[in-house]
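A short reminder: the numbers here are calculations on the coordinates, not readings from a lab. Please read these numbers as outputs of a predicted model, since none were measured by experiment. Glycine also receives a Cβ, built like all others from the backbone with ideal geometry; neighbour counts cover every protein chain displayed.
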2 protein chains.
Amino acid sequence: MIKNIRMKEVALGIDIGGTNTVFGFIDKEGICIAEGTLPTQKHADVNDYIDELFGLIHSVKHDLPYEIEIKGIGIGAPNASYYTGTIEDAANLRWKGSIPLVDLIKQRLDVPVYITNDANAAAMGEKVFGSARDMNHFMVITLGTGLGSGIFANGDVLHGHDGFAGEVGHMIVRKSGRECGCGRKGCLETYVSATGVKRSVYKLLARHNGDSELRDVPFNQLTAKMVAEAANRGDSVAKETFTYTATILGEVLANVVAVTSPEAIFLFGGLTKAGDILFEPVRETLEKNLLSIYKNKIRVLPSGLSDNAAVLGCAALVWNKM
Amino acid sequence: MIKNIRMKEVALGIDIGGTNTVFGFIDKEGICIAEGTLPTQKHADVNDYIDELFGLIHSVKHDLPYEIEIKGIGIGAPNASYYTGTIEDAANLRWKGSIPLVDLIKQRLDVPVYITNDANAAAMGEKVFGSARDMNHFMVITLGTGLGSGIFANGDVLHGHDGFAGEVGHMIVRKSGRECGCGRKGCLETYVSATGVKRSVYKLLARHNGDSELRDVPFNQLTAKMVAEAANRGDSVAKETFTYTATILGEVLANVVAVTSPEAIFLFGGLTKAGDILFEPVRETLEKNLLSIYKNKIRVLPSGLSDNAAVLGCAALVWNKM
């Protein structure tokens, strides 16, 4: 019985990204007590990947100075379906077709296992550990290579009938617009994302004549961070790029509000480090385009999660059920 | 005790439209056992309106050959908030400001009273009595003078944080587009509604040179029904009007699906009587514009409610709680 007193309850959060898989043991208060990482693309066979991942997990667990009890596992992964526990044809992963990830993981550790996409996990993280603890209707927009969205409605993540709700990044915002990785044209994420920012820089460099420090950077070396830094130094093309990006986001969010009417919209991910040059024009365009009944009600906020945000979100899938 | 055996349990549904208020006693199976109607605009004071309405309700109740027990009251009204029980600044009603309708009605009859807008009531009607009984994620689009929407998500009507979710008719679909009654431009309902159809006829009559029976009809006499009949007789402007209307609806629905991922979208209201000339191009455009993960999954269906649909929807607010 003495042993049990020293046993700490944790949730295992696993964030499967296109490049890295990060996992962590997260306690009830949202503290990450230990973590590890593995290149996602190392193994062509998903079983080899899971074997190495669980080898690492057991090794990290073994090195802890006290015993832990894993109450459940929460996974964030691209194209993951909450209902079926599968990953479906994820463009950025090596494993093609339908991968029954939840079943494969339960074979290694028989605890409750939940899976959803990374943006839904971020929304759950915001609810359980972040700035949305008192909210039942809100939205998280993740701005990374692409644009993801996690929608909280009626007090829970909105999965939709097939587990794939919340693909705001693939709302078509410009008919016959930019080519999207999904095979269509004009999707929101081709404009509003780290990649969208790069594309907009090149569009504006083509349109304008004036000087810009970005004229010396080839497309493949350009990063959204460089654009944000240039904007903060006063580079006019870089500044216009952020206004252009934020205006499109604000317009689309005004339309999404007319569907779900959230209390707040959280922006999350690398691009949000740009700060006010992104947030201010988003807020301004959103307000300007809102139907009157929604005006002056909806806050656009930075995520309340800081370090380990992705893994926290995954672990939140477990703690939310407890 | 013998009296109780003869007592039939009903919900009182009250549909408050811009022109008429219709009420009905609806039993558990969705049968309307008696109904009545009153011009909504007759009284400048909402208390006078409610007094006359309840006078009528008692009179209809008194005339029944058996006794009924009113288990609750469900109300559908423009700009109604489910949370506060109020009607807020409804453009089509005489009573301005915030009207505490639920409180005023509870003073006349102390039973549970629920209020929501007409499209949300239609969605609840579809769930309780219509074609969505087995669905937890679906959407109802009401096509009347304007365009309303009721969204069912996670097994309940999506009210949003303020009770005003589901204003799909006010998604902006054409920047600097048609003037809308809301004071903005380019809202979906300026294109997709009975009024939108009339406007599109005039746009196309201006653009084309060919004959059309609609060239003899002044704008103020034109109805969507006349356009549908002309289309079914082969009138090319009328046919193009429906294709144009349905294409815009299909494109927007593809974007809304990317937010909520419903199993089915029900079209409801007068305009749907046009039948295949409306439904077919909506289905076609929706499929063409959907992100691949949603393709061949989402049904576009006529409402499963026929007569008394609006009042049934209101009564469904009550039966859903029982």
Please report, for residue B:205, the nm distances (one decimal) from its label point, 7 Å out from Cα along the beta-carbon direction, to the equivalent points in the remaining copies, shortest first.
5.3
Peptide A:250-260: average number of partner chain Cβ atoms within 10 Å per residue?
6
DSSP beta bridges in the range A:60-164: the antiparallel percent, rounded to 5, is 75
Whole-Hz Karplus couplings 3J(HN,Hα) for the range B:129-136, θ = phi - 60° and coefficients 6.51, -1.76, 1.60, Gly and Pro as x, run 10, x, 9, 10, 4, 9, 10, 10
Roughly speaking, what is the centre-to-centre gap between the range B:24-50 and the range A:36-106 when only Cα atoms are used, to the nearest Å?
58
As I understand it, the dipole of the range B:134-302 uses +1 on the Cβ of Lys and Arg and -1 on the Cβ of Asp and Glu, about the Cα centre. Which of B:186, B:158, B:275 lies farthest toward its positive end?
B:186
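What value, in deg cm²/dmol to 500, does the helix sum -39500 (n - 2.57) over DSSP H runs of n ≥ 4 give at 222 nm once divided by the residues of chain B?
Values: 9 runs with 113 residues, N = 322.
Here the helix-only value at 222 nm equals -11000 deg cm²/dmol.
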Across the identical copies, how the residue B:302 labels are spaced - nm, sorted shortest first, 7 Å along Cα→Cβ:
5.5
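Return a whole-number percent for the relative contact order of the range A:134-302, with Cα pairs under 8 Å and 6 or more residues apart as the contact set.
Working: 278 pairs, mean separation 39.2, N = 169.
Here the relative contact order equals 23 percent.
Starting from the range B:236-322, pick out the trypsin sites (Lys or Arg not before Pro) whose DSSP state is loop and whose Cβ has at most 14 other Cβ atoms within 10 Å.
Those satisfying the criteria are B:295, B:321.
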Using amide H atoms built in the peptide plane, which far-off residues or other-chain residues are under 5 Å from residue A:144 H to H?
A:194
What does the charge count near residue A:78 come to, summing +1 for each Lys or Arg and -1 for each Asp or Glu among other residues with Cβ under 15 Å from its Cβ?
-4
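Just flag the trypsin sites (Lys or Arg not before Pro) in the range A:124-178 sitting in loop per DSSP whose Cβ has no more than 11 other Cβ atoms within 10 Å.
Details: sites: A:127, A:133, A:174, A:175, A:178; in loops: A:133, A:174, A:175, A:178.
Sparse-neighbourhood loop trypsin sites (Lys or Arg not before Pro): A:133, A:175.
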Return the average number of partner chain Cβ atoms within 10 angstrom of each residue Cβ along peptide B:297-303.
1
A student asked for the Cα radius of gyration and Dmax of chain B in angstrom ought to give 20.6, 75
In whole Å, what are the extents of the range B:134-302 along the principal axes defined by its C-alpha atoms, from largest to smallest?
49, 35, 25
Calc'd 3J(HN,Hα), the range A:168-179, phi into Karplus 6.51 cos²θ - 1.76 cosθ + 1.60 (θ = phi - 60°), Hz, glycine/Pro = x, comes to 4, x, 10, 6, 7, 10, 9, 4, 6, x, 5, 5
How big is the range A:27-112 by Rg and Dmax over its Cα atoms, in Å?
13.9, 41
Given R₀ = 45 Å, what would the calculated FRET efficiency be for residue B:136 paired with residue B:50, taking r from the Cβ atoms and rounding to 0.05?
0.80
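Counting DSSP beta bridges in chain B, what percent are antiparallel, to the nearest 5?
On the way: 27 of 48 bridges.
Bridges in chain B are about 55 percent antiparallel.
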Which of rounded, prolate or oblate describes the range A:88-138 when judged by the alpha-carbon gyration tensor and an a/c cut-off of 1.5?
oblate
If you count, for each residue, the other Cβ atoms within 10 Å and average over each peptide, how do A:79-90, A:137-148 line up from highest to lowest?
A:137-148, A:79-90
Can you give the mean number of other chain Cβ atoms that lie within 10 Å of the Cβ atoms in peptide A:165-174?
5
Computed from the mean reciprocal separation of all distinct C-alpha pairs, what Kirkwood hydrodynamic radius does the range B:1-159 have, in Å?
16.5
May I have the extent of the alpha carbons of the protein assembly as shown along their three principal axes, as whole Å values ordered from largest to smallest?
81, 74, 42
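Write down the Å³ per residue value for the convex hull defined by the alpha carbon atoms of the range A:80-166.
Numbers: hull volume 9.5 nm³, N = 87.
Each residue corresponds to 109 Å³ of Cα convex hull volume.
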